[in-house]
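Working notes, beginning with the structure itself.
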Amino acid sequence: KAKTREMLRQDQEELDKEIDNLRKELRVKVNRLYEAQGKPELKGFNLNPMSAEEMKLINRILEG
């Protein structure tokens, strides 16, 4: 049971890293596409999503 949890945790970490890399690559490609089309760069497109921990802290602050 513990070994299975560890394997799943490692797989999830690898998937998270791969997703982050794909997002970064996508941003670059979209910016190149806009540049090739003569359009201005998208504003706010380089934002990063908040982590689960950051969201918990925000929710605590909002709850008072």
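One line per residue, one yes/no per condition, for (1) β-branched (Val, Ile, Thr); (2) in a helix (DSSP H, G or I); (3) in contact (Cβ under 8 Å) with a residue 12 or more places away in the chain:
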{"residue": "13", "(1), (2), (3)": "no, yes, no"}
{"residue": "19", "(1), (2), (3)": "yes, yes, no"}
{"residue": "23", "(1), (2), (3)": "no, yes, no"}
{"residue": "26", "(1), (2), (3)": "no, yes, no"}
{"residue": "32", "(1), (2), (3)": "no, yes, no"}
{"residue": "40", "(1), (2), (3)": "no, no, no"}
{"residue": "44", "(1), (2), (3)": "no, no, no"}
{"residue": "47", "(1), (2), (3)": "no, no, no"}
{"residue": "59", "(1), (2), (3)": "no, yes, no"}
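Could you tell me how many of the residues in the stretch 19-35 are under 18 Å from residue 52 (Cβ atoms) and either at pLDDT 90 or above or aromatic (Phe, Trp, Tyr) (or both)?
1
Does residue 64 satisfy the condition of being at positive phi and open to solvent by less than 90 Å² (accessible area, probe 1.4 Å)?
For residue 64, the condition - at positive phi and open to solvent by less than 90 Å² (accessible area, probe 1.4 Å) - is not met.
The values are calculated or read from the model by the stated rules, or taken from the named source; none is laboratory data. Everything quoted here is computed from the prediction, not taken from an experiment. For neighbour counting, all protein chains shown are included, and Cβ atoms are generated from backbone atoms with ideal geometry for every residue, glycine included. When the accessible area is computed, the model is the full protein with side chains, heavy atoms only, and any ligands, DNA or RNA have been set aside. Shrake-Rupley method; radii C 1.70, N 1.55, O 1.52, S 1.80 Å.
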